[in-house]
Amino acid sequence: MDTRPPLQPDPDVDSQKLKAARELLLQFVKTAKTVRLYLANNPVHQKFLTDLFERFDLYLRAYGALRLKIKQQAFLVDGQMIYENESRQDNLAFRCYVDGISELAFHEGLTQRELVEFLDIMGSEQDPALADDDLVSLLWKRDFPHISAVVVDDLPDAGILPEAAQPKEEKLEELVKRETAAVELAAVAGPKRPEMPLTVYKLTDEEIGRLKEQLAKEQQRDAVAQLLDMLGVMLEIEEDPVSFGELLDIMGNLIGLFIERGDLAKAASCAEAASRLCDHSAKNAPAFQGRVREFLLRLGAPESLQALTVAFNRLKSIEVDQLTRYLQLLPPDAIAPMTELLGTLNSLQARKAVCDVLAQTARDKIELVAGRLRDDRWYIVRNLIYVMGRIGGPKAADYLAPLVRHSEPRVRKELVKTLDAMEASNTVELLLDLLRDRDGGVRVMALRALGRRKSARAVAPLTAMIEERQFREKALSEKLEVFAALAASGQAESMAVLARYLRGGSWWRRAEREQLRWCAAYALKQMGTPEALALLEEGSQGRNRSVQEACLAALRGTARDLMLKQARS
Amino acid sequence: MTAAIDQELLQKGKAWVNQCSILLRTAQIHDPSNVAFEQPFELFQQQLYGLQRQWGELSLRLERDALFLGEAKLKMDIDTYANFTYLIDEMKRHHVGLITFHGSLRSDELVKFVCLFASQERKGEWAFGEFEQQLKRAGVVNVAVEEYRKDQEKESLEEMIKDRKGMAKQAYAKAFAAVSEVMNNVKVGQTLHLYRARRVVQSMVDQLLQDEAALVGLTTLRCHDEYTHNHTVNVCILAMVLGQRLGYDRGMLSDLGMAALFHDLGKASISHDLLNKPTDFTEEDWRIVRRHPVLGVKTIIKLKGPTESAIKISFGAFEHHLNYDLSGYPRLPRPWDLTLFGRVIGVADCYDALTSSRVYNRVPYSPEKALKFMLAKSGKAFDPLLLKVFVNCLGIYPVGTVVLLDTGEFGVVMKVNANLDKADRPTVKIIVDEQGHAVDGDIVELDEQGQGEKAGRYFRNIVKTVDPQAYGLDVSRYFL
């Protein structure tokens, strides 16, 4: 029998142990922060990890397992606090505490790899709406050989299961009497096997291969896509309108969640599943159709689209194609809130996508877009002009007419571009109106657009413009544009006007007349028709020296440059 | 060898043990001079040296029908099952419980060891001593063997069953409580917390990976008042057993367990009176009950959102009555790609339902009758491959089966034989002795054979199975 007095704890050893534990925890916290800041291949990252592992190794060799009791904001070793953090952010103790871990222990033999993976788990920030593995589950899944956790167990386990009944004596007697027959017992004595109730199935290699394939396929399965497919099927087979509505609500919530996460592809899949029901024969009844309509309306509601903007502006990874796919599913009622996206989406490509969808959705509801053309924000109006242009038609041009007087030149420029691309005949009048715009850039754009339009209706106004006193004040480049527009109209009347300016002569305002001659020569060359070129040839060989010079320069293609050079000098 | 075994190394270890089995089979047919021997031997040697470089000394241990590399238990899956059980049998045949490969092992020693181990000549109780002598004579000094002590193992088996029964019972009760909590919360529209259930499932996975028999035994428990809860816990266990055999890792087993535990979540939205109706269901009753898969999906997704676990639970809920050929319910308007979870749960669900005496099915099937019934529907209601694996897991005498032995004793199957060739020789607990008296008898392994004159003859053989219900026997008492 050991008669020695029991060993008393050595206070020096204890205090050394606590000091070492404190330092170790301090290093642990620092390392946890560092590994989050630096990439794994960074030397700082690696140095911190190596240092921490060495400290752990020293501690575990010197004092054995490190057992950390967990309080809400602290770690304790042997009842002594060795780490405390009052903040709930970035607090390792709190993270463990809220997940129900009451003790963490690191045992001798801990490897650096375990430590790295443990730090990864502690540092992981999971989206609670996406992954439901808490810290305990993550630690459990990893099954560290040298790190253990004690978890608070708050589930009752007693008194729930029924007690099994004792077998009754008479029943057992009956069992023995009825079931045992000497003949039967003798029949199976010896090595002979009795007939088996079932057969075991040794799987063939081919069957094992098939099972492995299925297991691999399961790993690749897009679970969310399958869930959406499942909800789609459930909607199709649901016979009760109320339950149908509940399913649509679930779909709506999922869409909201996917949008928040920036997963527009999934949101679009949900919306597609629901919108398919509009054409589904089994869902023709008004009770179902009404609910589908309500659902789609909710998707296009301002607050829903606002959430879409927030996600899109926040996450760079969202593909514009998915935005298009999603918006295309929205009903015309969503046109007004969709136009708001033009004011809130940061990405130019995204706004372009919205415009394209609006053009498609509003094709038969053009008035819904037109109503927004009076918006105070010029940039929205500019985008909507593009949308109207994409829709096209005289009705669109009519709606655009008031914008000729819009205060913002960028809006008017967009208007010219749009009118230029539209085929409706009433757009010529608007372009002619824009020839009087106060912005030279707009006027030039309008001139070019008119030129491309080759409209006879442009000849008289352009000619009148040249005749006007104000024409003299215009820059030469603009004058050339006017003549070019006249020439581009390709009309016989234009030819006659240009011929008149080419040949015209007067001693009065001679320099002006000369400039107009050169402009006309330049325009005739631009016109390029046999008649126009013949006129220039004729002039180049004529007696009038100034006509000759203008025609020769035009024919050589140098008229414009010479004029501009002269104007500059 | 350190206990800290990296998962990657463990995989390499599994591959090596698998190769060991392949090599032994080859060595039983071909001698080392044959080219057919060379290729598997070289691979085996290469893998062994690779493992030794990382682990140093390498030891392979046999303990209760499981192989251990060092301290790490090697998990069997569909791929390795046949080879592992073959190796276990070979080790038992030679009475070898431990083989240690030292670092300085030479190639010629290894060849000799393999050939001696593959030899079919030794049998019976002297096998080990003879084998050890042969190794010495052949100069094999860097492979050490230790004897397999079945008697010690038998004692520890009884203790282990006793210990693990308690743990399994606790886990079962907690799972029951977790299901009850969730189902009640659904009924009253409260927030759904699944973390408790997840913890319980995780603890069940831990037990399953150690020894599934105790947990499987508890599936014989019948709680008529709370059939749904009882049933879902059973389905959870059975599905995880099947998942384990498929080679699922801990995380996947836990996910599968959760999906199985809540596969009937939709029933929380159906009246308790209807579910426990003592008479047959009317058409209208069936119409309502058949809505539970859809109700389950709605409930879980509505309350938890599309989290990974909720989605997996929803698959189990939606698909468990669909049937392999989609002939079940809900009736679908188009083809559907069933998930593996759904198919596994479908098998486990049907088996437990058939073997239970729920209110509207008062006469439960015996385990083997249930399996026969299911096999008749293989390829229609059930995935034929999964059903085969399931039958193999449960054995031809599933846990809880009452058997009459040729000794006149009656026993309850406690554990199936891991070796498929001996599937008819499970471990049973004697409940009625030769004189016909009820006893708290021994746990005996029916693959035990006699020695000497009785060599090659089994001590006990199964005569037939007996329906415990017919005699009011509640077999769950042997697992509680």
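The values are calculated or read from the model by the stated rules, or taken from the named source; none is laboratory data. All values derive from a computational prediction rather than experimental measurement. Virtual Cβ from ideal backbone geometry, glycine too; neighbours counted across all protein chains shown. Heavy atoms of the whole protein, side chains included, go into the accessibility calculation; ligands, DNA and RNA do not. Shrake-Rupley method; radii C 1.70, N 1.55, O 1.52, S 1.80 Å.
Quick look at the numbers
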item	result
Sole residue being over 25 Å from B:ILE288 (Cβ atoms) and either touching a Phe, Trp or Tyr at 6+ places or on another chain (Cβ under 6 Å) or touching a residue at least 60 places away in the same chain (Cβ under 8 Å) (or both), chosen from A:LEU257, A:LEU228	A:LEU257
Candidates B:LEU246, B:LEU238, B:LEU303, filtered to the one that is within 13 Å of chain A (Cβ to nearest Cβ) and closer than 17 Å to B:GLY346 by Cβ	B:LEU246
Selection count, segment B:263-294, where residues are part of a helix (DSSP H, G or I) and surrounded by fewer than 21 Cβ atoms within 10 Å (Cβ to Cβ)	12
Count of segment A:104-117 residues which are in contact with a helix residue (DSSP H, G or I) (Cβ under 9 Å, 6 or more places away or on another chain) and open to solvent by 20 Å² or more (accessible area, probe 1.4 Å)	7
Residues satisfying the stated conditions in segment A:236-247, i.e. open to solvent by less than 40 Å² (accessible area, probe 1.4 Å) and either under 16 Å from B:GLY305 (Cβ atoms) or within 10 Å of another protein chain (Cβ to nearest Cβ) (or both)	A:GLU236, A:GLU238, A:SER243, A:LEU247
Any hit, segment B:33-45, residues being in contact with a strand residue (DSSP E or B) (Cβ under 8 Å, 6 or more places away or on another chain) and open to solvent by less than 40 Å² (accessible area, probe 1.4 Å)	no
Filter result for B:MET204 (within 30 Å of B:VAL363 (Cα to Cα) and either away from every other protein chain (no Cβ under 13 Å) or among the small types (Gly, Ala, Ser) (or both))	no
Number of positions in segment B:51-68 that are outside any strand (DSSP E or B) and within 17 Å of the chain's Cα centre (by Cα)	2
Odd one out for A:ASP263, checked against (1) under 28 Å from A:ARG372 (Cβ atoms); (2) open to solvent by 40 Å² or more (accessible area, probe 1.4 Å)	(1)
Residues of segment B:295-323 satisfying the condition of being on the phi < 0 side of the Ramachandran plot, in a loop (DSSP other than H, G, I, E, B) and surrounded by fewer than 23 Cβ atoms within 10 Å (Cβ to Cβ)	B:THR307, B:HIS321, B:LEU322
Condition met for A:SER546 (without any contact (Cβ under 8 Å) to a residue 24 or more places away in the chain and farther than 17 Å from A:ILE466 by Cα)	no
Members of segment A:353-371 that are open to solvent by 60 Å² or more (accessible area, probe 1.4 Å), closer than 14 Å to A:MET338 by Cβ and part of a helix (DSSP H, G or I)	A:GLN360, A:LEU368
Some residue of segment A:269-284 being farther than 21 Å from A:GLN226 by Cα and either among the basic types (Lys, Arg) or not in a helix (DSSP H, G or I) (or both)	yes
Qualifying residue in segment A:460-480 (condition: modelled with pLDDT under 95 and more than 23 Å from A:GLU514 (Cβ to Cβ))	yes
Segment B:69-85, subset hydrophobic (A, V, I, L, M, F, W, C) and not in a loop (DSSP other than H, G, I, E, B), residue farthest from B:VAL205 (Cα to Cα)	B:ALA82
Enumeration of residues in segment B:312-343 that are facing another protein chain (nearest Cβ under 10 Å), aliphatic (A, V, I, L, M) and over 26 Å from the mean Cα position of the chain (by Cα)	B:LEU332
Residues located in segment A:384-413, provided they are touching a residue at least 24 places away in the same chain (Cβ under 8 Å), open to solvent by 30 Å² or more (accessible area, probe 1.4 Å), closer than 27 Å to A:THR344 by Cα and in a helix (DSSP H, G or I)	A:TYR386, A:ARG390, A:TYR399, A:ALA401, A:PRO402, A:PRO409, A:ARG410, A:LYS413
Test result for B:ILE88, among the aliphatic types (A, V, I, L, M), modelled with pLDDT of 80 or more, under 31 Å from the mean Cα position of the chain (by Cα) and not in a helix (DSSP H, G or I)	no
Boolean, B:ARG222 is basic (Lys, Arg), part of a helix (DSSP H, G or I) and over 19 Å from the mean Cα position of the chain (by Cα)	no
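Every residue, every condition in (1) facing chain B (nearest Cβ under 7 Å); (2) modelled with pLDDT of 90 or more, yes or no:
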position: A:TYR97; (1), (2): no, no
position: A:GLU103; (1), (2): no, yes
position: A:ASP132; (1), (2): yes, no
position: A:PRO145; (1), (2): yes, no
position: A:SER148; (1), (2): no, yes
position: A:GLU169; (1), (2): no, no
position: A:THR180; (1), (2): yes, no
